[in-house]
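So the structure is just underneath, and the comments pick up after that.
The values are calculated or read from the model by the stated rules, or taken from the named source; none is laboratory data. Remember, predicted model here, so these are calculated numbers, not experimental data. Cβ coordinates were reconstructed from backbone atoms using ideal geometry, including for glycine residues, and neighbour counts include every protein chain displayed. Ligands, DNA and RNA are excluded from the accessible area calculation, which covers all protein heavy atoms including side chains. Shrake-Rupley method; radii C 1.70, N 1.55, O 1.52, S 1.80 Å.
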Amino acid sequence: MASPSEQLDLKTGFEVSRTPTIRDYVFNITLGRGDPDGFAKSVIFVNGQSPGPLIEANTGDLVRIVVNNQLPEESTTIHWHGIDQRNSNWMDGVYGVTQCAIPPGQTFTYEFNVTGQRGTFWYHSHDSLQYSNGLYGPLIIHDQDEKIPHVDDDKVVMFGDLFHRDAEELLREYFKPGGDMAGVEAPPDNIIINGHHRSNCKLTAGKGPVCAAGSIYKTRIQSGQHARLRLISHSTSTPFLFSVDNHTLEIIEMDGVEIEPVATTRVFLNPGQRYSVRITANQTAGNYKMHVTAARSCFHMGAGTASFQNVNYEAIGILSYDDTDLDAPAVGTIWDLFAATNNVTAQEPWESQCRDLPFNLPKPMRKADAYEVGPRNNHSFTFSRENYNGTVRTYINETLYETLHDDAVLWQAKKVDTQEGMSANWTFGPEHFVMVSQDADKGVQIAMNSDAMMMHPFHLHGQQFQVVGWGRGTFGEGETTWNLENPMRRDTVTVPGYSHIVLRIPGDNPGVWALHCHILWHAEEGMFVQIAQRMDELEKQVKALDDPDSDRPFRRRFCSKG
């Protein structure tokens, strides 16, 4: 088996094939001590490592993962971020929505097909802030027919913010009414690349935990070759700008969608987003810095912690040519991340350092015009963040979301016949805003309205969406720019403050699917809705799952209700 570093460099000997097969994995989830940046802290490991083991498959394969929860006190689930889970809604891994959490000492087997998908994905806990404590890893789907330019090398580059304190402790402070951190997102202490970075041990002297200074991620490329860097943000809340000194980046994939190449010197990523960039080793042989820089002006983090200030709000990695000594001084010049133009790509494609690429710019290589929307499949919601009993909560159409703790929405799903298409005849109460699409043979439109100041990255489960419209203010009240010809597709999109975005989805995957902000503090405070589709098919599937006489009865695993 390849080592963790070899896995992230995709030096695994994996055979890319058109022949479907079964990919079996066993994940042992444990709690231990780790030092991602040299600072010793509690970490959740998958098979003794964080990031967890690489999952690698071909399009068309069946992936099966046996998850053994060996945490001493915490339950857990795992979500396979970006995977459609077509006709397997119960494998999506969303606590309180598609399953009840796996208790300590218990085992759950996830099994799903990856037909029709390819590109860069990842997995992570979908139970509270567990992935901030280390429970995440890469998931790569290969395809011999992937529509990207030629590459000679392929590497996973995962990065995210790091907290020296336990994330669950920080979450409790976030929700403590009237506390100093009530409703205030905790600033990180560092940024890690593929699980590593450096810290300043002098800042922790005499404070108890051991600090060993840490290390930085280093990898090699060969002169004259083209390398694919698969960028994955596992951040809790911090947005990033990624760049490589002296090197232009060609964006060739976004969230599992191949696009016509877009040249740039930096890539903006919000939590949950992925980009593949192609880099050409056409510079003088040497060591070049990779920068993962916090986009501080896009998020409320102020001056940050002393540890974060000490690393200048960024993580550094090394991209080394040929057999250059990895410890030799780096060469090259850092890009101006705020420049509108440069002498390589001319006009930079980013209109703002706090936004995605302009929505009408990325062109999917697998073309598809905007889906036709059924008359009963038009949905709209507005989210706002407001004071609630001394802390901050998100209101969705005046609804406060509450997670089901002893049941899952999936088990309450029933065919809906009401004209409004709402969930009034379901039994889980008013704390869930579920948008039910009733025209099963038509597409679905969702208008998301932000009545909040900052930008929010929304992730949709169960299908990629098309971004067909956008504009300032509330949808229907102001001007909307439309793009219905081969619009951009992805699964995590940044909604700017006080603006709206209009999404369309095929609506052909039976299930109840989460749609939420991927800033974890905000998801936990209630920035979370659900979209339900093909309910008659889903009801039949759920009845079969809950049948004790079936070959593999689910019987509401781990749920105390029912």
When you go through 489, 472 one by one, which is the residue that is over 28 Å from residue 93 (Cβ atoms), among the charged types (D, E, K, R) and touching an Asp or Glu at 6+ places or on another chain (Cβ under 9 Å)?
472
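Within the stretch 241-264, track down each residue that is more than 23 Å from residue 340 (Cα to Cα) and outside any loop (DSSP other than H, G, I, E, B).
At the first step, the residues of the stretch 241-264 found to be more than 23 Å from residue 340 (Cα to Cα) are 255-258.
Within the stretch 241-264, 257, 258 meet the criteria.
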Could you tell me whether any residue of the stretch 160-175 is open to solvent by less than 30 Å² (accessible area, probe 1.4 Å) and closer than 26 Å to residue 264 by Cα?
yes
Which one is surrounded by the most Cβ atoms within 10 Å (Cβ to Cβ), of the residues in the stretch 255-278 that are of a type in the set (S, T, N, Q) and in contact with a Leu (Cβ under 9 Å, 6 or more places away or on another chain)?
276
Filter the stretch 74-107 down to the residues that are of a type in the set (A, V, I, L, M) and within 18 Å of the chain's Cα centre (by Cα) and list them by number.
78, 83, 91, 94, 97
Consider residue 116 against the criteria (1) of a type in the set (Gly, Ala, Ser); (2) modelled with pLDDT of 95 or more; (3) under 23 Å from residue 168 (Cα atoms); (4) open to solvent by 10 Å² or more (accessible area, probe 1.4 Å): it satisfies all of them except one. Which criterion is unmet?
(3)
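Could you please let me know if residue 46 is among the aliphatic types (A, V, I, L, M), farther than 26 Å from residue 538 by Cβ and touching a residue at least 60 places away in the same chain (Cβ under 8 Å)?
Yes; evaluated as a whole, the condition is true for this residue.
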Going through the stretch 423-444 in order, the residues found to be surrounded by 23 or more Cβ atoms within 10 Å (Cβ to Cβ) and modelled with pLDDT of 95 or more are 444
Which one of the conditions (1) closer than 23 Å to residue 373 by Cβ; (2) modelled with pLDDT of 95 or more does residue 521 fail to meet, given that it meets all the rest?
(1)
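Residues of the stretch 35-70 being surrounded by fewer than 18 Cβ atoms within 10 Å (Cβ to Cβ) and either touching a Phe, Trp or Tyr at 6+ places or on another chain (Cβ under 7 Å) or at pLDDT 95 or above (or both), which ones?
Result: 42, 47, 48, 49, 62, 64, 66, 68, 70.
Any residue that is among the small types (Gly, Ala, Ser), open to solvent by less than 10 Å² (accessible area, probe 1.4 Å) and over 22 Å from residue 53 (Cα atoms) - is there at least one of those in the stretch 229-241?
So far as the stretch 229-241 goes, yes, one or more of its residues are among the small types (Gly, Ala, Ser), open to solvent by less than 10 Å² (accessible area, probe 1.4 Å) and over 22 Å from residue 53 (Cα atoms).
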Output yes when any residue across the stretch 119-126 is open to solvent by 10 Å² or more (accessible area, probe 1.4 Å), at pLDDT 95 or above and β-branched (Val, Ile, Thr), and no when none is.
no
So, of the residues in the stretch 310-335 that are assigned to a loop (DSSP other than H, G, I, E, B), surrounded by 14 or more Cβ atoms within 10 Å (Cβ to Cβ) and not aliphatic (A, V, I, L, M), which turns out to be farthest from the chain's Cα centre (by Cα)?
324
Are any residues in the stretch 130-185 farther than 24 Å from residue 19 by Cβ, of a type in the set (Asp, Glu) and touching a residue at least 24 places away in the same chain (Cβ under 8 Å), and if so, which ones?
152, 153, 161, 166, 168, 185
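State yes or no: is residue 252 more than 23 Å from residue 321 (Cβ to Cβ), buried (at least 18 other Cβ atoms within 10 Å of the Cβ) and either at pLDDT 95 or above or not charged (D, E, K, R) (or both)?
no
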Could you list, in sequence order, all residues of the stretch 90-124 that are part of a loop (DSSP other than H, G, I, E, B), in contact (Cβ under 8 Å) with a residue 40 or more places away in the chain and not β-branched (Val, Ile, Thr)?
92, 96, 100, 101, 103, 106, 116, 117, 118
Do we have residue 518 as surrounded by 20 or more Cβ atoms within 10 Å (Cβ to Cβ) and out of contact with any Phe, Trp or Tyr (no Cβ under 8 Å at 6 or more places or on another chain) here?
no
Any idea which of 10, 31 is in contact (Cβ under 8 Å) with a residue 40 or more places away in the chain and open to solvent by 50 Å² or more (accessible area, probe 1.4 Å)?
31
Kindly indicate which of 338, 299, 359 is among the aromatic types (Phe, Trp, Tyr) and open to solvent by 60 Å² or more (accessible area, probe 1.4 Å).
338
Conditions (1) open to solvent by less than 10 Å² (accessible area, probe 1.4 Å); (2) of a type in the set (A, V, I, L, M); (3) in contact (Cβ under 8 Å) with a residue 60 or more places away in the chain -> residue 213 fails only (1)
Which of (1) out of contact with any Asp or Glu (no Cβ under 9 Å at 6 or more places or on another chain); (2) farther than 30 Å from residue 153 by Cα is the odd one out, the single condition residue 187 does not satisfy?
(1)
Given (1) touching a Leu at 6+ places or on another chain (Cβ under 7 Å); (2) within 23 Å of residue 275 (Cβ to Cβ), index of the condition residue 529 fails
(2)
